[in-house]
Amino acid sequence: MIAIQIHIQHETFRKQCDAQRCNPSLEVTFQDYLGRTYTHTLSAGDSDEIRGYQNFDEVLVFSRNDRIPYYGLQVFKQGEEIGEIFIQTDLDVKDIIGKATSDITIIKRLRERIY
């Protein structure tokens, strides 16, 4: 698994209105291993740390907010979202994440819950 460059931006006002959201969502733009560019809506928030990783043919977008605590993972394959998981309760964090602090370890543990 390697870190990749991703671009985070707010969705356009038109998309926000079409989705009937009061606040704009974040969007992530990334390239897959073949160099194709995709943009998807994220479930993460403005105050989250958001990072992208490549794992073979998957792009993993990891978000974390250690103040809440909150951890999320969205997995994309061939430009389509194939799964996501978000945890924020103390019990879930303790059960799934344990004492892990590195992004890679946390991602692996979250990814196991998607498949």
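For this structure, a couple of remarks:
- From ASP18, ASP95, ASP57, residue being more than 17 Å from the chain's Cα centre (by Cα), within 18 Å of ILE114 (Cβ to Cβ) and not β-branched (Val, Ile, Thr): ASP95
- Test: residue in segment 22-34 that is of a type in the set (S, T, N, Q), modelled with pLDDT under 90, farther than 19 Å from VAL75 by Cβ and surrounded by 14 or more Cβ atoms within 10 Å (Cβ to Cβ): no
- The set of residues in segment 57-115 that are out of contact with any Phe, Trp or Tyr (no Cβ under 7 Å at 6 or more places or on another chain) and in a loop (DSSP other than H, G, I, E, B) comprises ASP66, ARG67, ILE68, PRO69, GLN78, THR89, GLY98, LYS99, ALA100, THR101, SER102, TYR115.
- Filtered residues of segment 97-108 (kept if in contact with a helix residue (DSSP H, G or I) (Cβ under 6 Å, 6 or more places away or on another chain) and either under 20 Å from GLN31 (Cβ atoms) or surrounded by 17 or more Cβ atoms within 10 Å (Cβ to Cβ) (or both)): ILE97, ILE106
- In segment 69-85, the residues that are touching an Asp or Glu at 6+ places or on another chain (Cβ under 9 Å) and of a type in the set (A, V, I, L, M, F, W, C): LEU73, VAL75, PHE76, ILE82
- Filter result for SER43 (of a type outside the set (A, V, I, L, M, F, W, C), surrounded by 12 or more Cβ atoms within 10 Å (Cβ to Cβ) and in a loop (DSSP other than H, G, I, E, B)): yes
- Test result for GLN20, assigned to a loop (DSSP other than H, G, I, E, B) and out of contact with any Lys or Arg (no Cβ under 7 Å at 6 or more places or on another chain): yes
- Qualifying residue in segment 46-55 (condition: hydroxyl-bearing (Ser, Thr, Tyr), touching a Leu at 6+ places or on another chain (Cβ under 6 Å) and closer than 23 Å to ARG111 by Cα): yes
- Residue within segment 46-64 that is loosely packed, with under 14 Cβ neighbours inside 10 Å and over 21 Å from ASP103 (Cβ atoms) present: no
The values are calculated or read from the model by the stated rules, or taken from the named source; none is laboratory data. The structure presented is a predicted model; accordingly, all values stated were derived computationally and were not measured. Cβ atoms come from the backbone with ideal geometry, glycine included; neighbour counts cover every protein chain shown.
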